[in-house]
Amino acid sequence: HCDAYLVAGQHGFVKEALDIYHRTAHPTQGVGHQFDIEMNVKIAQAPAAQGLYVYALYQYVAATGDRKVLREHYPLVLTILKLALKSKQQDGFFTGNALCPDYPEDAGHNGHDISVFNNSIFYQAARTIEQLAGWMNDVATAKAARKIWQDLKKSFHHLWDAKRGFWYDSIDSRDLSPRPSYPSHAILCFSPFSRELLAGKEEAAARFMVEN
C-alpha cells in the first residue's frame, strides 16, 4: 500500500519500511518472510515474491526523486534479480514456494510449483526493474529485466483455464499440468503493469468471481 502513503505525503514512513527490508535482508537469500526475535531471516521469501519490495522502491523513488535511496537499495534489487533468475525455467516461469495461500499444499502444491501469484508479482517487478536500471544507467540489467517480462508474458496463458474462465492457482513446473484450484488472489494487481496480464480476460474473470 505504498502508493496510498506516498499520495498522503507520508514519504518518511515508506522510506523507513524500505530501510527495514533492506537492513534485515539475508545477504544471499534476499528479503525475509519469517524472522527470529532478533530480526534475522529464518525463511526468505521465494525470489519471485520479493518483487513486492522492488516495486515499493520504485514507487518511492518515482514519488520523491530520491536517487540516493535508489543507489543505497539498488544492490538488493540486483540480488533479488539474480535469485529469481536461478529459479527461472526455459518457458519463462519462476518456480518456488507461493507467497499465498498460507497452506499451499491444500491447493495442490507439491514442491514443483509455478504459482500464478508469484509470477504475477515478478512480471510487474521485472517491468519495474527495467525502469530502475534505466535510472541507474545499467543497460545490461534493463535488458535482462525486459527479457524476463517478455518471456513471462508469452507463457502466462498456461496459467489460464479457458473453460472455467479464471487462473489456476498453480501448475506443475515439470510438465505445466494445472491444479484445479482457482484463487481470488490469482493476479496481485499492485501496479498498472498488472493490466497487461489481465488484458481481454477481465469480463470472464469477473463472471467467475460472481458465480463462485
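Computed quantities for the displayed model
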quantity: Close pairs (9 angstrom Cβ cut-off, 6 or more residues apart or separate chains): over 16 Å from ALA62 (Cβ atoms) and open to solvent by 100 Å² or more (accessible area, probe 1.4 Å) in the stretch 5-24, among the charged types (D, E, K, R) and in a loop (DSSP other than H, G, I, E, B) anywhere; calculated: none
quantity: Residue satisfying all of: in the stretch 117-160; under 12 Å from PHE93 (Cα atoms) and among the β-branched types (Val, Ile, Thr); surrounded by the fewest Cβ atoms within 10 Å (Cβ to Cβ) among these; calculated: ILE148
quantity: Yes/no for ASP91 being open to solvent by 50 Å² or more (accessible area, probe 1.4 Å), modelled with pLDDT under 90 and not β-branched (Val, Ile, Thr); calculated: no
quantity: Pairs, first free of Cβ contacts under 8 Å to residues at least 24 places away in the same chain and aromatic (Phe, Trp, Tyr) in the stretch 155-182, second surrounded by fewer than 15 Cβ atoms within 10 Å (Cβ to Cβ) and part of a loop (DSSP other than H, G, I, E, B), C-beta under 9 Å, six or more apart; calculated: none
quantity: Matching residues in the stretch 59-83 - criterion: being assigned to a helix (DSSP H, G or I), over 28 Å from ASP113 (Cα atoms) and open to solvent by 10 Å² or more (accessible area, probe 1.4 Å); calculated: GLN59, TYR60, ALA62, ALA63, THR64, ARG67, LYS68, ARG71, GLU72, TYR74
quantity: Any hit, the stretch 26-39, residues being aliphatic (A, V, I, L, M), surrounded by fewer than 17 Cβ atoms within 10 Å (Cβ to Cβ) and more than 30 Å from ASN137 (Cβ to Cβ); calculated: yes
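For (1) acidic (Asp, Glu); (2) more than 12 Å from the chain's Cα centre (by Cα); (3) in a loop (DSSP other than H, G, I, E, B), each residue gets a yes or a no:
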{"site": "PHE122", "(1), (2), (3)": "no, no, no"}
{"site": "ILE129", "(1), (2), (3)": "no, no, no"}
{"site": "ASN137", "(1), (2), (3)": "no, yes, yes"}
{"site": "ALA140", "(1), (2), (3)": "no, yes, no"}
{"site": "ASP151", "(1), (2), (3)": "yes, yes, no"}
{"site": "PRO183", "(1), (2), (3)": "no, yes, yes"}
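The values are calculated or read from the model by the stated rules, or taken from the named source; none is laboratory data. On a predicted model such as this, the values are computed, not experimentally measured, just so you know. We place every Cβ from the backbone using ideal geometry, glycine too, and count neighbours over all the protein chains shown. Accessible surface is based on the protein model in full, side chains and every heavy atom, while ligands, DNA and RNA are left aside. Shrake-Rupley method; radii C 1.70, N 1.55, O 1.52, S 1.80 Å.
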